[in-house]
Amino acid sequence: MRIADLILPVFAVILTGWIVGYTGYLSRAFSDALIHFAYNIAMPVLLIVTIAQEPAHSLINWRFLVAFGGGSLLCFMLVFGAMSIHGSRSLASRTMHGMAASMTNTGFVALPVLQAIYGQRTVLPAAIATVLVAVVMFPIAVILLELGQQDAHGSHTGHWPQ
């Protein structure tokens, strides 16, 4: 029952957000502002506070980094490759499928839930996983999506679009 007490509020917030969006109670501009606040201010602050509370030597756990980061990259590459063979030939489509299969939601959901269930010792790996996704996985995806957009528009000029 304790897990339900922790998880149900998350789904209640999701459902409330969907209802508010579906009914048009809040404008689209307001929801865009909330998203920007959550990802550009709240998430970085949450990660900085979480990581700053830990000793420096505990931040680099190579086995965890290789297991999580390697597993995520391997999953991305497998789905990306499978979509190349059996699915879409579009680089953007293959990238999105790979992202959907390999990206995690360790930030807003996992950090508070893990802390409530298992205590502070479990929060650091989730925070590191979130940073790894933000620093490694997102840039790879953005680069591939940009390259896919260039391919779709037929511009092979060798520089990033303006």
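Within segment 100-127, residues that are farther than 19 Å from Leu73 by Cβ and without any contact (Cβ under 8 Å) to a residue 40 or more places away in the chain sit with their Cβ atoms under 6 Å from residues that are in a helix (DSSP H, G or I) and of a type in the set (A, V, I, L, M), at 6+ positions apart or across chains, in these pairs: Ala110/Ala126; Leu114/Val123; Leu114/Ala126; Gln115/Val123; Thr122/Leu114. Taking the numbered list (1) modelled with pLDDT under 90; (2) surrounded by 12 or more Cβ atoms within 10 Å (Cβ to Cβ); (3) under 19 Å from the mean Cα position of the chain (by Cα) in turn, Phe76 passes all entries but (1).
Reported count of residues in segment 14-56, each being within 19 Å of Gln120 (Cβ to Cβ), hydrophobic (A, V, I, L, M, F, W, C) and either touching a Ser or Thr at 6+ places or on another chain (Cβ under 7 Å) or surrounded by 13 or more Cβ atoms within 10 Å (Cβ to Cβ) (or both), is 4.
Asn61 fulfils the conditions (1) modelled with pLDDT of 85 or more; (2) closer than 23 Å to Val113 by Cα except for a single criterion, (1).
Does Leu59 satisfy being out of contact with any Phe, Trp or Tyr (no Cβ under 7 Å at 6 or more places or on another chain), among the hydrophobic types (A, V, I, L, M, F, W, C) and under 19 Å from Pro139 (Cα atoms)? It is false that Leu59 is out of contact with any Phe, Trp or Tyr (no Cβ under 7 Å at 6 or more places or on another chain), among the hydrophobic types (A, V, I, L, M, F, W, C) and under 19 Å from Pro139 (Cα atoms).
Filtered by the rule that a residue be surrounded by fewer than 17 Cβ atoms within 10 Å (Cβ to Cβ) and not charged (D, E, K, R), segment 62-72 gives Trp62, Phe64, Leu65, Val66, Ala67, Gly70, Gly71. Given the structure, is Phe64 under 25 Å from Met99 (Cα atoms), touching a Ser or Thr at 6+ places or on another chain (Cβ under 7 Å) and not β-branched (Val, Ile, Thr)? So Phe64 does not fit the description; no.
The values are calculated or read from the model by the stated rules, or taken from the named source; none is laboratory data. Model, not experiment: these values are computed from the prediction. Cβ sites come from the backbone with ideal geometry, for glycine too, and all protein chains shown count toward neighbours.
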